[in-house]
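Here is the structure we will look at.
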Amino acid sequence: MARDPLFFLIVIAVAVVVGILFTGIGGFVTGKNDGKKSNKLMQARVIAQFVAVAVIVLIVWLRSKG
């Protein structure tokens with residue numbers, strides 16, 4: 001599975017979500033994020049999370065077809 005290029009696509013998609021999440025959490029901890037930036041980070045995380053889930057579902061669907 002680790003040699004599968006589609007596996008790396010899943011890893012990249014999840015890493016983007018985690019990166020956005022940690023950026024937002026770091027802003028809350030340090031108090032550097034204002035309301036607008038926090039809201040934009042939350043929107044970006046939701047979109048990235050949707051894309052990651054869609055990629056995972058698509059790959060699972062493609063693998064189940066044979």
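The values are calculated or read from the model by the stated rules, or taken from the named source; none is laboratory data. A quick note: this is a predicted structure, and the numbers were derived from the prediction, not measured. Note: ideal-geometry Cβ built from the backbone for every residue, glycine included; neighbour counts use all protein chains shown. For the accessible areas, the whole protein counts, side chains as well, though only heavy atoms, and no ligand, DNA or RNA atoms are used. Shrake-Rupley method; radii C 1.70, N 1.55, O 1.52, S 1.80 Å.
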Any residue that is open to solvent by 70 Å² or more (accessible area, probe 1.4 Å), touching a helix residue (DSSP H, G or I) at 6+ places or on another chain (Cβ under 8 Å), farther than 17 Å from LEU62 by Cβ and at pLDDT below 90 - is there at least one of those in region 1-10? no
Contact list, first residue from region 23-48 and free of Cβ contacts under 8 Å to residues at least 24 places away in the same chain and more than 21 Å from ALA13 (Cα to Cα), second anywhere and exposed (fewer than 14 other Cβ atoms within 10 Å of the Cβ) and charged (D, E, K, R), beta-carbon distance below 7 Å, six or more apart or interchain, is GLY27/LYS37
Only one of VAL55, VAL14, VAL51 is open to solvent by 70 Å² or more (accessible area, probe 1.4 Å) and not aromatic (Phe, Trp, Tyr), namely VAL51
The number of residues in region 17-45 that are of a type in the set (Val, Ile, Thr) and either in contact with a His (Cβ under 7 Å, 6 or more places away or on another chain) or loosely packed, with under 12 Cβ neighbours inside 10 Å (or both) is 2
Of the residues in region 38-66 that are more than 11 Å from the chain's Cα centre (by Cα) and of a type in the set (S, T, N, Q), the one that is modelled with the highest pLDDT is GLN43
